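This report concerns only the one structure given below.
Please treat every number below as a calculation from the coordinates, not as lab data. Here the structure is a predicted model, which is why all the values come from computation and not from measurement. So basically every Cβ, Gly included, is an ideal-geometry build from the backbone, and we count neighbours across all protein chains shown.
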Amino acid sequence: MTQYWTVGSSGDPEQPAIREAAASLRRGELVAFPTETVYGLGADARNTAAVAAIFAAKGRPTDNPLIVHIADRSQLDELVERPDETAERLMEAFWPGPLTIVLPALPGAVSPLVTAGHATVGVRMPAHPVALSLLAAVGCPVAAPSANRSGRPSPTQAAHVRADLDGAIAGIVDGGATGVGLESTVVAVESGAVRILRPGGVTAERLRAALPAGTAVLAGEEAAADAEAAPRAPGMKYRHYAPRGSLAIVRGDDAEAVIRTIQRRIDQAALQGERTGVLTCDEHAHRYRADVVEACGRLAEPDSIARGLFAALRRFDDEGATFLLAEPFGQGEQGIGAAVWNRLRKAAEGGIVPADFAGS
Ligand code: TXA
Ligand code: MG
C-alpha cells in the first residue's frame, strides 16, 4: 500500500505529512516528493538496502549513479572533499536550485550503490520548499532519482508517480505540479573548467555568467559524457523518456515546412492503421489532423515547453498513440532549449527526419 500525503506548496515543516514522510525515509522506506524540477524518489543515501530498493522499484540499471539531495550547506562536509573555488562559486550562485555538482566523495559517506562504484557523488540542494522541509526533517542525505519507472518520462505531477510506482513504494508527497519540468543540470568541475554532463534547469549561459571570465564551460553533445547517454554495450543505450508509441522528430528551420511534413507523414501512417499523434505547441495545435494532438506549451515561451514536455509525452500513452511525430523543440540549443532538445532527442527512438524542402 502506498500512502498519499497532500501538502501545501509552502512546505510548512510542522505539517504532519512532512513529519510522517520524514519518519518513513528514516525507517529506510521509499518516499516520492516534489522538487522544483521533477518528482524524486527518495531513500536514505547511507542505507544500502533502501538504495537497492530504489533501483528495484524503478527497474533502473545499477551502473547509473543517483543524485544525493541536501537541505543545508553544512551537510556537504560529511559527503565530499572540500570543494574548489569554481565549485564554491556554483553553489553560491545556484543553490538551492536545479544544479547538481559532481564532487569527490568522502569514502563511506553514502552507500556504494548511490555512486555506482564511482569515487564521485552528484549533490544538489533543491529549491522546492516542500523538498527542503522534508530533507531538513529527515536530517540525512537523501538519494533521489526521478520518480518514474526507468525509461518513462520523468514525473512532473504526483499522478505521474502514482501511474508508475503505486504499490511499489511507501509513500508519495503531493505538492502539486513541479516548476521547471526538466531535471537539474549535472556538471563536473575539472581543474577549473565546468563540464555539463546533462543539460537542465540551469542553462550554460547562466553558468558562464556566474563564473569569472575565462572559465571554460563545456557544453553540448561532446561534453555530455552523461552516464545515461553512454552505451552500456556496443550499439545499445539506456532507453529514456520514451512514450510507448514510436516517436520521431521532424527537424527544420522553416516552421511551415515542418508542419507540412508532419501532416504528410501522419496521413500516410493513418492509412496504414496507426493511431497517430503530434507533439506540437499552442501556436500550431490547430494546424494538425491526427488522432491525438498534444501541445506541450507556447513556442514563444521556451520555459513553458520545458514545463509541459514530459506530461505531454505521457498523455500519448494514455491515448494509446502508436505513431508519433514531434516538432523540433529546442533544436537551436539556446538557453533552456538545450535541455529540451536533449530530452526530446532521447525520447525519439524513431530518430530525426528532415522536413521536406520548403517549396515542395
Ligand atoms: O532534477 C533532478 O536532478 C532530479 C530531481 C529528483 O532532483 N533527479 C534526477 O535524478 O534527475 P536521475 O537519477 O534521474 O538522474 C541522475 C543523473 C544521471 O544522468 C546520472 O548519470 C548523473 O545524474 N550522475 C549522478 N551521479 C553522478 C556521478 N557521480 N558522476 C556522473 N554523473 C552522475
Ligand atoms: Mg531520471
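Go from 0 up to the bin containing the longest alpha carbon distance in the stretch 163-209, width 5 Å each, and give me the % of pairs per bin.
5, 16, 17, 17, 12, 11, 11, 8, 3, 0
Summing -39500 (n - 2.57) over the DSSP H runs of n ≥ 4 in the chain and dividing by its residue number, what mean residue ellipticity at 222 nm do you reach, to the nearest 500 deg cm²/dmol?
-9000 deg cm²/dmol
Under a point-charge model restricted to the Cβ atoms of Lys and Arg (+1) and Asp and Glu (-1), what is the dipole moment magnitude of the stretch 1-156 relative to its Cα centre, in debye to the nearest 20?
The calculation lands at about 600 debye.
Under the Karplus relation 6.51 cos²θ - 1.76 cosθ + 1.60, θ = phi - 60°, what is the ordered set of whole-Hz ³J(HN,Hα) values for the stretch 43-57, x standing for Gly and Pro?
Working through the residues one at a time gives 8, 4, 5, 8, 9, 4, 5, 5, 5, 4, 5, 4, 4, 5, 5 Hz.
Considering only the other residues whose Cβ falls under 13 Å of the Cβ of Cys296, what net charge follows from Lys and Arg at +1 and Asp and Glu at -1?
With Lys, Arg at +1 and Asp, Glu at -1, the neighbours total -1.
In nm, give the distance between the simple-model label positions of Tyr4 and Ala93, each being 7 Å from the Cα along the Cα-to-Cβ direction.
Going by the 7 Å Cα→Cβ label model, 4.1 nm.
Can you list residues whose amide H is under 5 Å from Val353's amide H, if they're 5+ apart or on another chain and H is modeled 1.01 Å from N?
Ile249, Val250, Arg251
With the convex hull built on the Cα atoms of the stretch 293-360, state its orientation-averaged projected area in nm².
The directionally averaged projection comes out at 5.2 nm².
Give me Rg over Rh for the stretch 63-119, both radii from the alpha carbons and Rh done the Kirkwood way, two decimal places.
We get a ratio of 0.94 for the stretch 63-119.
List Thr178, Thr115 from most exposed to least, where exposure is judged by having the fewest other Cβ atoms within 10 Å.
Neighbour counts put them in this order, fewest first: Thr115, Thr178.
If you take every residue apart from Pro129 with its C-beta less than 10 Å away from the C-beta of Pro129, what net charge results, scoring Lys and Arg +1 and Asp and Glu -1?
Neighbour charge sum, excluding Pro129 itself: -2.
Running a GNM on the chain with Cα contacts under 10 Å, which residue among Ala50, Ala116, Ala326 ends up with the highest mean-square fluctuation?
Ala116
Of Ala269, Ala159, Pro243, which is farthest along the charge dipole of the chain in the positive direction, counting Lys and Arg as +1 and Asp and Glu as -1 at C-beta?
Ala269
What is the Å³ per residue value for the convex hull set by the Cα atoms of the chain?
Spread over its residues, the Cα hull of the chain gives 139 Å³ apiece.
Give me a comma-separated list of calculated 3J(HN,Hα) values for the stretch 192-201, in order, Karplus coefficients 6.51, -1.76, 1.60 applied at θ = phi - 60°, integers in Hz, x for any Gly or Pro.
Once rounded to whole Hz, the list reads x, 8, 10, 10, 7, 7, 9, x, x, x.
Once amide H atoms are built 1.01 Å from N in the peptide plane, which residues 5 or more positions from Val123, or in another chain, come under 5 Å H to H?
Val68, Ile101, Val102, Leu103
Taking amide hydrogens as modeled 1.01 Å from N in the peptide plane, which residues meet the under 5 Å criterion relative to Ser111, leaving out close sequence neighbours?
Arg46, Asn47
Are there GluC sites (Glu not before Pro) in the stretch 51-147 that DSSP puts in a loop and that have at most 16 other Cβ atoms within 10 Å, and which ones?
For GluC sites (Glu not before Pro) across the stretch 51-147 that sit outside H, G, I, E and B with at most 16 neighbouring Cβ atoms in 10 Å, the list reads Glu81.
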